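Notes follow the structure.
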Amino acid sequence: LPHGRMISELQDAGVKFGEKTLVDIIANVCDAMAYATQRGHHYRMPGPRDISIDVEHHASIVNVFRPSTGKPRDHVADTKKFLMMLRSLADGARARHLIDDLAREGHKWDGLCTRAAELQEQFRERSLLKRADTKEAQDIQAARESDKMPVWMYVVSAVVVLALIVGIVIR
């Protein structure tokens, strides 16, 4: 059996995942399904007991591949079923909206795999930009703090200015 907890267990436990994690799960499952279907393998529809997610949020599936029954599968309908199965794990409106949008796009396994890879790249870019913004903000704050003169410098400056004024007035 794959490592981790089955989706059915996660659903029963009320576990929820954000958008990025859901996209990673989708990419893992679609990668396996697209690989097999592109090579002509047939399968039964993976259910919540066939997909496991480990502690690092990597998904894996049991062997759902079977000899051909002669009846072709509707891959678009299957990807929609898969996405709707994941919808119960979506944490919040944005994550559910992402799942709904992917289902409406009507991808086959390979198309969903490609779309998930695009979304993963977008999340990576956002994360890098966020870290860069945070680093830049920290650098700006550090520069501001280094530009501040210590209080004793103000006192010394005031004393020097007063001494100069007194020296000029006394002459």
> How many residues does region 11-27 hold that are assigned to a helix (DSSP H, G or I) and more than 15 Å from Ile99 (Cβ to Cβ)?
Replying inline: 2
> With (1) in contact (Cβ under 8 Å) with a residue 60 or more places away in the chain; (2) surrounded by fewer than 20 Cβ atoms within 10 Å (Cβ to Cβ) as the list, and Ser8 as the residue in question, which single condition is left unmet?
Replying inline: (1)
> What pairs can you find where one residue is in region 19-30 and farther than 15 Å from Met84 by Cβ, the other is crowded, with 24+ Cβ neighbours inside 10 Å and hydroxyl-bearing (Ser, Thr, Tyr), and their Cβ atoms are less than 8 Å apart, with a gap of 6+ or different chains?
Replying inline: none
> Using beta carbons and a limit of 6 Å, which pairs, at least six apart or on different chains, have the first residue in region 55-72 and more than 19 Å from Asp31 (Cα to Cα) and without any contact (Cβ under 8 Å) to a residue 40 or more places away in the chain and the second one assigned to a strand (DSSP E or B) and open to solvent by 50 Å² or more (accessible area, probe 1.4 Å)?
Replying inline: Ser68/His42
>> Please go through region 90-118 and give me each residue that is of a type outside the set (A, V, I, L, M), assigned to a helix (DSSP H, G or I) and touching a residue at least 60 places away in the same chain (Cβ under 8 Å), ordered by number.
In response: Arg94, Trp109, Asp110, Cys113
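In region 11-32, what residues are among the aliphatic types (A, V, I, L, M), at pLDDT 95 or above and crowded, with 16+ Cβ neighbours inside 10 Å? Lay out the reasoning, then the answer.
Looking only at region 11-32, we keep the residues that are among the aliphatic types (A, V, I, L, M), and these are 13, 15, 22-23, 25-27, 29, 32.
Narrowing further to those that are at pLDDT 95 or above: 13, 15, 22-23, 25-27, 29.
Passing the criteria: Leu22, Val23, Ile25, Ile26, Ala27, Val29.
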> Tally time: how many residues in region 51-62 are within 21 Å of Gly18 (Cα to Cα) and either β-branched (Val, Ile, Thr) or buried (at least 16 other Cβ atoms within 10 Å of the Cβ) (or both)?
Replying inline: 7
>> If the requirement is being of a type in the set (A, V, I, L, M, F, W, C), more than 21 Å from Arg124 (Cβ to Cβ) and open to solvent by 40 Å² or more (accessible area, probe 1.4 Å), which of these qualifies: Phe65, Phe82?
In response: Phe65
> Which of the residues belonging to region 1-21 are among the polar types (S, T, N, Q), out of contact with any Ser or Thr (no Cβ under 7 Å at 6 or more places or on another chain) and within 17 Å of Gly47 (Cα to Cα)?
Replying inline: Ser8
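The values are calculated or read from the model by the stated rules, or taken from the named source; none is laboratory data. Computed from a predicted structure; not experimentally measured. Positions of Cβ are generated from backbone atoms using ideal geometry, with glycine treated the same way; all protein chains shown enter the neighbour counts. Only protein heavy atoms, including side chains, enter the accessible area calculation; ligands, DNA and RNA are left aside. Shrake-Rupley method; radii C 1.70, N 1.55, O 1.52, S 1.80 Å.
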